[in-house]
Amino acid sequence: MRCRDDTSEHGFDRLTEKQAMRAGVRFVTGLGCAGVLCAAIGWAPAVWADTVEVEIVGIDNPLRSNARKSLSVAAKHEESWSAGHIQTLYRLAPKEIKQALMPYGYYAPEIETELDKPAAGSETWQARFTVKKGPATKIRTLNIAARGPGDQLDALRRAMKDTELATDQRLVQSRYTATKSAMFNAAYNAGYLDAAFSQSAIRVDPEARLAEIDLVLDTGERYYFGPVTFKQDLLADDFVQRFVPFDSGEPYSAQELIDLQLVLNDSDYYSQIEIDAERARAQRELNNDAWFYDLIYPPSDPLESIGQLRIPVTVTAEPSKGQSYKFSAGYGTDTGPRVGAGVKFRHLNRQGHQFRLDTRVSQIQRSLQAAYDIPIENVAQDKLSFTASINNEQFGDITSTYYGVGVVRDTGWQLGRKRAYLRFQQEFYDLGNGNQNSILLYPGYNVTLQKADDLLFTRKGVSASFDVHGAAEALASSTNMISAELNGAAVLPVTETTRVVSRGRLGAIGTDNFEDVPPSQRFFAGGAQSVRGYNFQSISPTNADNEDIGGRYVATFSLEGNWFFYNKFGLATFFDAGDVTNEVGDFSLKKGVGIGFRYGSPVGMVRLDVAHPLDDTGGDFAIHFSLGPDL
């Protein structure tokens, strides 16, 4: 009878911080730190001599691959081995193969070995191992249980129920490890920080080919969060406490502390965060608000009647710099060369107010935008912004100058953002009938969603946005209108190296006088992100001078196939179609096809496309270049 005791292993399979949490938490993070990783210093590629050629027959993967990895005689080495050393390692092989098969339930294999010296003119030995794995060892008895105050925990019960271990089934040690890890994590993540296995063993009888398993977890007492104290002078305490995602008295969770750390990092107020939540500092506190409830429904843990073990949390935060600056530059066939610059004033007051100023310049747009942001409700992601902007922009063949001020209530939701806004805008332009100007005061609502496995190099994901806004002459606007637009995109994998990318856009404007709708509110199509094969915003109704002036309805669609032939380098083929009209019945889809090059860069997908329009008005071909995420 062989006994393997695993009581010292806990099989963590989630966050490594949780191991540290079990003894006491101390997370330290810094923003903008340079030179963090220097692991490559002094590295040089290893070389090895192929002294022994090893062949294993009689078993298939994963048994064969695991057996080969365990063989010392098959190990990589830089210098040639002596004959005596090879023979010594060869004699170890049967024992090593046997140990490699044990995790898969085969404890009594038969192994035949053969070693041939190098042939004339060769320096390579030949080692051959013929393995008969024999009957599998099966589980005779299985004892999986939980004890202590947390033994009825749903997550713990589910972990025990979902185990792949079962009597009369083959013993696979990875299933044992997975069950053990799931049980421990379920208890620990629920605040049972003293959880430990009082029984944790696999006992094997190789001759009978039977195994006995014991997994008994003692949960110990549950821990709870105590008060959170911030050591910082930048923000008011009542404000910074709103970042905390848990309340005092809630069950302790390492993930909640990590969430707090990430939220504070993302807030842009601090450059360094240190969270101290050591279990040794836990103090027993009586929950005065729950005494009557506990009297009628006594807690499962009798110790809770005399108070909960609460761990106080201390957050030490160093403020970030008062201003941050950003600069950008790029090129796209739609915009031409473009540059941008911005500044953010991070610390305006103790309630977290911030001010942003951004400018962008390209061949088709010059803009200056300002925003004053006030955190509201969930201060980690919700804000109220007062905005102002000045823009000079080309829409189709029309150049427009417009000024605007507004207010936006920007809130987060599970899949994206929701924005309710009110904007006042005055615009000056010439649609071919002389100089015109419009005044619009319009409320609107915008919702976006985005879900992807990787936002910069997406294999599978979806995004969508919907915007609706309207203006009325009765509310100080120069025209009556309502505009709605829906955009969507999806990326679906086909094989490991191929994917399909699709995009679509629908929009409509309701008005009693479309001539009074300014260019910034009209629809255009064509370009690298629309219908390829056509110039940027060249698909549009025209005026008497054959100038593109935008339309009332838009519909576009794109279907693209990508093949990544080497890492993140790939090729694309695509078909695009779309049109912009003033009457629904006038739609005549402009179509384009082409091929392209793709590269998944660290800042998004690089796209270089050669497209051919399928309509006479388009020309022979067009080249499009763009950079950015697929969704």
- request: Within region 576-620, work out how many residues are surrounded by 14 or more Cβ atoms within 10 Å (Cβ to Cβ) and farther than 26 Å from Asn543 by Cβ.
  value: 16
- prompt: Looking at region 389-405, which of its residues are closer than 19 Å to Lys344 by Cα and surrounded by 15 or more Cβ atoms within 10 Å (Cβ to Cβ)?
  reply: Ser389
query: Which numbered condition trips up Tyr90, out of (1) over 30 Å from Glu221 (Cβ atoms); (2) at pLDDT 90 or above; (3) exposed (fewer than 13 other Cβ atoms within 10 Å of the Cβ); (4) not aliphatic (A, V, I, L, M)?
result: (3)
message: Among the residues in region 391-408, are any within 24 Å of Gln241 (Cβ to Cβ) and over 25 Å from the mean Cα position of the chain (by Cα)?
response: no
message: Among the numbered criteria (1) over 21 Å from Gly488 (Cα atoms); (2) crowded, with 16+ Cβ neighbours inside 10 Å, which one does Asn567 miss?
response: (2)
query: Would region 124-138 turn up any residue that is under 30 Å from Leu217 (Cβ atoms) and not charged (D, E, K, R)?
result: yes
query: Can you tell which of Ala471, Ala525, Ala489 is assigned by TED's automatic domain parsing to the domain that holds Gln436, under 18 Å from Asp609 (Cα atoms) and surrounded by 20 or more Cβ atoms within 10 Å (Cβ to Cβ)?
result: Ala525
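Can you name the residue in region 46-72 that is hydrophobic (A, V, I, L, M, F, W, C) and at pLDDT 90 or above and is also nearest to Leu115 (Cα to Cα) among such residues? Give the steps one after another, and end with the answer.
At the first step, the residues of region 46-72 found to be hydrophobic (A, V, I, L, M, F, W, C) are 46-49, 52, 54, 56-57, 59, 63, 67, 71.
Okay, now just the ones that are also at pLDDT 90 or above, so 54, 56-57, 59, 63, 67, 71.
On the way: Val54: 9, Ile56: 12, Val57: 14, Ile59: 19, Leu63: 21, Ala67: 17, Leu71: 14 Å.
So the residue we want is Val54.
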message: Within region 326-341, does at least one residue satisfy the condition of being surrounded by 14 or more Cβ atoms within 10 Å (Cβ to Cβ), more than 30 Å from Tyr252 (Cα to Cα), polar (S, T, N, Q) and modelled with pLDDT of 80 or more?
response: yes
- prompt: Among (1) part of a loop (DSSP other than H, G, I, E, B); (2) at pLDDT below 90, which single condition is Ala20 missing?
  reply: (1)
field: Residues of region 553-609 classified as over 23 Å from the mean Cα position of the chain (by Cα) and either within 24 Å of Tyr331 (Cβ to Cβ) or of a type outside the set (Phe, Trp, Tyr) (or both), total
entry: 34
- prompt: Looking at region 577-631, which of its residues are without any contact (Cβ under 8 Å) to a residue 24 or more places away in the chain and either acidic (Asp, Glu) or in a strand (DSSP E or B) (or both)?
  reply: Asp586, Val606, Leu608, Val610, Asp616, Asp620
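Could we say that Val339 is under 21 Å from Tyr445 (Cα atoms) and of a type in the set (A, V, I, L, M, F, W, C) here? Give the steps one after another, and end with the answer.
Details: under 21 Å from Tyr445 (Cα atoms): no; of a type in the set (A, V, I, L, M, F, W, C): yes.
Considered against the rule, which asks whether it is under 21 Å from Tyr445 (Cα atoms) and of a type in the set (A, V, I, L, M, F, W, C), Val339 comes out as no.
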- prompt: Lys418: under 22 Å from Phe466 (Cα atoms), modelled with pLDDT of 95 or more and surrounded by fewer than 17 Cβ atoms within 10 Å (Cβ to Cβ), yes or no?
  reply: yes
- line: Scanning region 357-401 for residues that are assigned to a strand (DSSP E or B) and either under 18 Å from Pro319 (Cα atoms) or of a type in the set (Val, Ile, Thr) (or both) gives Thr359, Val361, Ile374, Pro375, Thr387, Ile390, Ile398, Thr399, Thr401
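Residue-by-condition table, conditions (1) over 27 Å from Ile364 (Cα atoms); (2) of a type outside the set (Phe, Trp, Tyr):
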{"site": "Phe514", "(1), (2)": "no, no"}
{"site": "Gly533", "(1), (2)": "no, yes"}
{"site": "Phe536", "(1), (2)": "no, no"}
{"site": "Asp548", "(1), (2)": "no, yes"}
{"site": "Thr556", "(1), (2)": "no, yes"}
{"site": "Gly570", "(1), (2)": "yes, yes"}
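Residue-wise test of (1) modelled with pLDDT of 95 or more; (2) more than 29 Å from the chain's Cα centre (by Cα); (3) of a type outside the set (A, V, I, L, M).
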residue	(1), (2), (3)
Glu164	no, yes, yes
Leu171	no, yes, no
Thr177	no, no, yes
Ile202	no, yes, no
Asp205	no, yes, yes
Glu221	no, yes, yes
field: 2 or more residues within 30 Å of Ala83 (Cα to Cα) and touching a Pro at 6+ places or on another chain (Cβ under 7 Å): qualifying strands (runs of 3 or more DSSP E) within region 108-227
entry: 110-116, 125-132
- line: Cβ pairs under 6 Å, 6+ apart or interchain, first in region 489-504 and farther than 16 Å from Asn567 by Cβ, second polar (S, T, N, Q) and surrounded by 21 or more Cβ atoms within 10 Å (Cβ to Cβ), ordered by first then second residue, are Ala489/Ser463; Val491/Thr458
task: May I ask you to list the residues in region 93-123 that are surrounded by 14 or more Cβ atoms within 10 Å (Cβ to Cβ) and more than 43 Å from the chain's Cα centre (by Cα)?
output: Ala93, Pro94, Ala108, Pro109, Ile111, Thr113, Leu115, Pro118
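The values are calculated or read from the model by the stated rules, or taken from the named source; none is laboratory data. On a predicted model such as this, the values are computed, not experimentally measured, just so you know. Counting neighbours? That spans all protein chains shown, and the Cβs are built from the backbone with ideal geometry, glycine included.
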